[in-house]
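The structure under discussion appears below in the form of structure tokens.
The values are calculated or read from the model by the stated rules, or taken from the named source; none is laboratory data. Source: prediction; values computed, not measured. Heads up, the Cβs are rebuilt from the backbone with ideal geometry, glycines too, and the neighbour counts pull from every protein chain shown. Please note that ligands, DNA and RNA were not included when accessible areas were found on the heavy atoms of the full protein model with its side chains. Shrake-Rupley method; radii C 1.70, N 1.55, O 1.52, S 1.80 Å.
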Amino acid sequence: MNDISIYTGQITRHRQLVEETVDTTLTREQRILMATLGLIGEYGEASRYHMEAALPPTDEAGDVLWYVHLMLLQFDLSLSDTFIPALLGYRAEPSILSEIAETVKKHIYHGRELAPETVIRQMSCIVRSLLDMDIDINESLAANETKLRRRYPTGFVTGGGLRDADTGISK
């Protein structure tokens, strides 16, 4: 489905969710690094689950989209900025995670500018790859919102939010 308007409301709510559940004491560079590391870990989990279960990894995709949105927010962009390129142009690239890591490393440690156009292209490749896994973006965003609102009912909390009293595992 190539109609971006079906995603608009969910994307707006997700942007607010990301802003509420990120550690606001982190610097911009720290949030960029957090988004990069989170993307590498969560995308790997989503891909592995998709390959092993042959099912769309909705929950893991929601986590990937949280980190995509976090990265985009550092450049005053939104997840909606990635949809047209993802749907109409950019294709999933196998090496996109290493490219993102390399770009961020050069930005943080070598002072190179990280242009919004580069971020949009890279994040669009991630979104495209999720679409190629038959991910329902709205469903993934909604599942991520449900999980994070349960974990962080009053916003970000150091240590990962509410945890199950019996297991110590984040809910």
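The table for this structure:
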quantity	calculated
Selected residue (criterion: most open to solvent (accessible area, probe 1.4 Å)) from residues of region 110-161 that are of a type in the set (Val, Ile, Thr) and under 22 Å from Thr36 (Cβ atoms)	Thr158
Any hit, region 36-55, residues being farther than 17 Å from Leu130 by Cα and in contact with an Asp or Glu (Cβ under 9 Å, 6 or more places away or on another chain)	no
Within region 1-96, helices (runs of 4 or more DSSP H) holding 3 or more residues that are touching a helix residue (DSSP H, G or I) at 6+ places or on another chain (Cβ under 6 Å) and at pLDDT below 85	80-88
Enumeration of residues in region 81-129 that are over 26 Å from Glu45 (Cα atoms) and touching a Phe, Trp or Tyr at 6+ places or on another chain (Cβ under 6 Å)	Pro116
Residues (at pLDDT 85 or above and of a type in the set (Asp, Glu)) located in region 126-171	Asp132, Asp134, Asp136, Glu139, Glu145
In region 73-97, residue farthest from the chain's Cα centre (by Cα) [restricted to those that are under 24 Å from Val22 (Cα atoms) and open to solvent by 50 Å² or more (accessible area, probe 1.4 Å)]	Asp76
